[in-house]
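The values are calculated or read from the model by the stated rules, or taken from the named source; none is laboratory data. All of these numbers come straight from a predicted model, not from anything done at the bench. Cβ placement follows ideal geometry from the backbone for every residue including glycine, while neighbour counts extend to all protein chains displayed. Surface areas here come from the heavy atoms of the whole protein model, side chains and all, with no ligands, DNA or RNA. Shrake-Rupley method; radii C 1.70, N 1.55, O 1.52, S 1.80 Å.
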Amino acid sequence: GDHILFIWGRELMRENILSRNLLITTVMSNLGFEKAWNEIGGVLIRTPVGDKFIREELDKQKADLGGEQSGHILSKINHYSGDGVLTAIQIANFCRKKNIILKDLLKTSFKGFPQKLTNIKLTSNDKHFKEFLEDNINKSIKEKLDNISEPCRIFARNSGTETVLRILVEAENKNLVDDISIQMANIAEQIIDDKFKY
């Protein structure tokens, strides 16, 4: 999804038909995508996960294009329908115009940062517990990021579909991603253990 948004957005930008060079995506989109998009003069706004949040922000910003890393893309050209076939037709159209195959078009996209998503199983589905966990893990994330000098992003959220806390870590350095993922998982499990100790 990130690559589709980058390629499609870039082509619209080149044709001067992408309003304010703006793309809407979610908190899960790759940091390498954001960095590359900013470098070519684009603006990226992130929303919570879910196509309804993408659509709300598209309407609010009067934007032309947005979508999720999963590949669910909403565009003004397709009347904001998230249909995958319509998206595929638009990308195929760019390939035809440039007389290029999709594999070669993808080579012109950004280089993604390594990402790791860790799911921490929760012992309770209680709303207050989940909010407590998310608040505490976010405090730990802020402390962790304050001590990292290179580009890095850590994001934690409670799943809307499973009883798990999802922790996303991404950085240019894969070893850093692996190390921080382990550290954040240990911190989350410690918070859970301390909460239910007594």
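Observations on the model:
- Of the helices (runs of 4 or more DSSP H) contained entirely in region 102-196, those carrying at least 1 residues that are closer than 24 Å to Pro48 by Cα and open to solvent by less than 50 Å² (accessible area, probe 1.4 Å) fall at 127-146, 174-195.
A quick yes/no check of all residues on (1) modelled with pLDDT under 90; (2) hydrophobic (A, V, I, L, M, F, W, C); (3) more than 30 Å from Arg14 (Cβ to Cβ):
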position: His128; (1), (2), (3): yes, no, yes
position: Asn147; (1), (2), (3): yes, no, yes
position: Glu150; (1), (2), (3): yes, no, yes
position: Thr161; (1), (2), (3): yes, no, yes
position: Val164; (1), (2), (3): no, yes, yes
position: Gln183; (1), (2), (3): no, no, yes
position: Ile187; (1), (2), (3): no, yes, yes
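- Hits in region 56-83 (condition: open to solvent by less than 50 Å² (accessible area, probe 1.4 Å), at pLDDT below 90 and among the small types (Gly, Ala, Ser)): Gly71, Ser81, Gly82
- For Arg46, the conditions (1) among the basic types (Lys, Arg); (2) in a helix (DSSP H, G or I); (3) without any contact (Cβ under 8 Å) to a residue 24 or more places away in the chain are fulfilled apart from (2).
- Residue among Ile182, Ile192, Ile187 that alone is β-branched (Val, Ile, Thr), farther than 30 Å from Ile40 by Cα and free of Cβ contacts under 8 Å to residues at least 40 places away in the same chain: Ile182
- Scanning region 58-82 for residues that are assigned to a helix (DSSP H, G or I) and charged (D, E, K, R) returns Asp59, Lys60.
- Check on Arg55, touching a residue at least 12 places away in the same chain (Cβ under 8 Å) and either in contact with a Leu (Cβ under 6 Å, 6 or more places away or on another chain) or assigned to a helix (DSSP H, G or I) (or both): yes
- The residue that is nearest to the chain's Cα centre (by Cα), among those in region 11-26 that are polar (S, T, N, Q) and surrounded by 11 or more Cβ atoms within 10 Å (Cβ to Cβ), is Thr26.
- Answer from Leu31, Leu5 - the residue that is open to solvent by less than 10 Å² (accessible area, probe 1.4 Å), in contact with a strand residue (DSSP E or B) (Cβ under 8 Å, 6 or more places away or on another chain) and touching a residue at least 40 places away in the same chain (Cβ under 8 Å): Leu5
- Unique match (being over 22 Å from Leu5 (Cβ atoms) and of a type outside the set (Ser, Thr, Tyr)) among Val169, Val164, Val85: Val164
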